[in-house]
Amino acid sequence: MPMHRSLAIVVAAALVLATFAGGALAQAKYPAKAVEVVVPFAPGGGTDNLMRTIVGLIDENKWSPVPITVNNRAGGSGAIGYTYLLNKKGDPHVIAGAAPTIVSAKLEGRLPGNHRDMTVLMIVAIDELMLSVRSESKFQTIEEFVKAAKERPGQLTIAGTGTNSEDQIFTYLFEKAAGIKVKYVPFNSGGECTTALMGGHVDAGVMNPNEIVAQVEAKKARNLAVAAKKRLADAQDLPTFAEKGMEFYWEQMRGVVGTGGMPPEAIKWWVDTLKKVTDTKKWQDNYIKRNLLTSVQWTGEEANKYLDGLNTKYEKALGDLGALKK
């Protein structure tokens, strides 16, 4: 074979290999375009606050080469937003704030999948639910609220986010533990619950700490009790339901999920970035400590196994409520 022909073949082969290598590198580059952050609830709630805090810290530290935009896709107690995410399978440029709805909604038949059909990027915090009232409320303590509920069965109102949600389960467990009956009033977000509570439209609200902390700090609201096994480290004056003779516990996870089939380079970028976010002093002081949360950094199978356990708890609670899909 003539020398020039052999050389041409070698050059052509090198160009082909370079093209494939370049394509692989381009494919591996993430993020390659703007990222949509789905919040499946209305503005002002816990998941909205979580994702806007995360995106704010990423922007502040210039950790993303592309825009990251929060988009509230509310409705159906989270079903609309999470269905949108499930339908984006394989698209690494769509992520969502994760609430327990990613577990419970499939059990209710409201979602076609659950956390195992998504990519769990990180569980970043655990918070215990509380019962809160506005400052003008006549109920100074949890005992006074329970006494009134027993005197007026089914008349006291408690606001919560969603139907057959963690807030409604909390209310159901509270009723059982206290031997009372109340009226549960569902809203689209924690922000709407807080607005209803502060406007005097309901007697009390099921609250995540971050949904009511500003009102408590301004002396416009107070927390009556928390569904935790021990008093919160940064709220030692807040009693648990159990120590008041109403033994029940209910917590909520906060996290970030991606679409199903998310490529490894996208998973790595988000896990690394979320670790940087949750290691910052601003995150620990302004989000975790201020909102009375427990900080965690659960990823991969550790996160999935936690959610599997949550699935078992929800299956039991939703079964008691008659909300399981037959």
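Quick notes on this structure:
- Between the amide H of residue 240 and those of 226, distances stay under 5 Å, these residues lying 5 or more places away or on another chain, with hydrogens modeled in the peptide plane.
- Between residue 265 and residue 148, the FRET efficiency from the beta-carbon distance, with R0 = 45 Å, is close to 0.20.
- When the Cα atoms of segment 147-221 are aligned to their principal axes, the ranges along those axes come out at 32, 25, 19 Å in descending order.
- Potential extension, residue 275-residue 324 segment - 0.36 nm per residue separation minus Cα distance: 14.1 nm
- Contour excess over end-to-end distance, with Cα ends at residue 63 and residue 312 and 0.36 nm allotted per residue: 85.9 nm
- Peptides 177-190, 52-65, ordered by how many other C-beta atoms sit within 10 Å of their residues on average, highest first, read 177-190, 52-65.
- Hz values of 3J(HN,Hα) by residue in segment 235-252 - Karplus curve (6.51, -1.76, 1.60), Gly and Pro given as x: 8, 5, 8, 8, x, 8, 4, 4, 6, 9, x, 10, 7, 8, 9, 8, 10, 10
- Straight-distance candidates among the lysines for linking to residue 88, with alpha-carbon spacing under 16 Å and chain neighbours fewer than 8 residues away dropped: 33.
- Extension gain, residue 285 to residue 247: 0.36 nm times the residue separation minus the Cα-Cα distance gives 10.6 nm.
- With Cα atoms as the point set, segment 66-127 shows a radius of gyration and Dmax of 11.6, 37 Å.
- If R0 is 22 Å, the Cβ-Cβ spacing of residue 183 and residue 136 corresponds to a FRET efficiency of close to 0.65.
- Inter-label distance, residue 294 to residue 219: 3.3 nm, where each label sits 7 Å from its Cα along the C-beta direction.
- The calculated FRET efficiency for the pair residue 157 and residue 235, based on their C-beta separation and a Förster distance of 30 Å, comes to about 0.75.
- Segment 42-100 - Kirkwood radius from inverse mean 1/r over Cα pairs (Å): 12.5
- When the listed pairs 244/289; 106/313; 176/244 are checked against a 22 Å cut-off, the alpha-carbon distance exceeds it for 244/289.
- Within the same chain, aspartates and glutamates fewer than 8 places from residue 183 are excluded, and of the rest, those with a Cα less than 12 Å from its Cα are 175, 203.
- Alpha-carbon Rg with Dmax, taken over segment 71-214, Å: 16.8, 55
- Where the alpha-carbon atoms of the chain are placed on the principal axes, they occupy 103, 46, 30 Å, in descending order.
- Compactness of segment 226-326 is given as radius of gyration and Dmax, 17.2, 50 Å, from Cα positions.
- Only one residue of 103, 137, 288 has its Cα farthest out toward the positive end of the dipole of the chain, where Lys and Arg carry +1 and Asp and Glu -1 on Cβ, and that residue is 103.
- Interchain or long-range residues, amide H under 5 Å from residue 128's placed H: 252
FYI, it's all coordinate maths here, none of it is from the lab. Just so we're clear, the structure is a prediction, and the values are computed from it rather than from any experiment. Ideal geometry is used to build each Cβ from the backbone, glycine not excepted, and the neighbour counts take in all protein chains shown.
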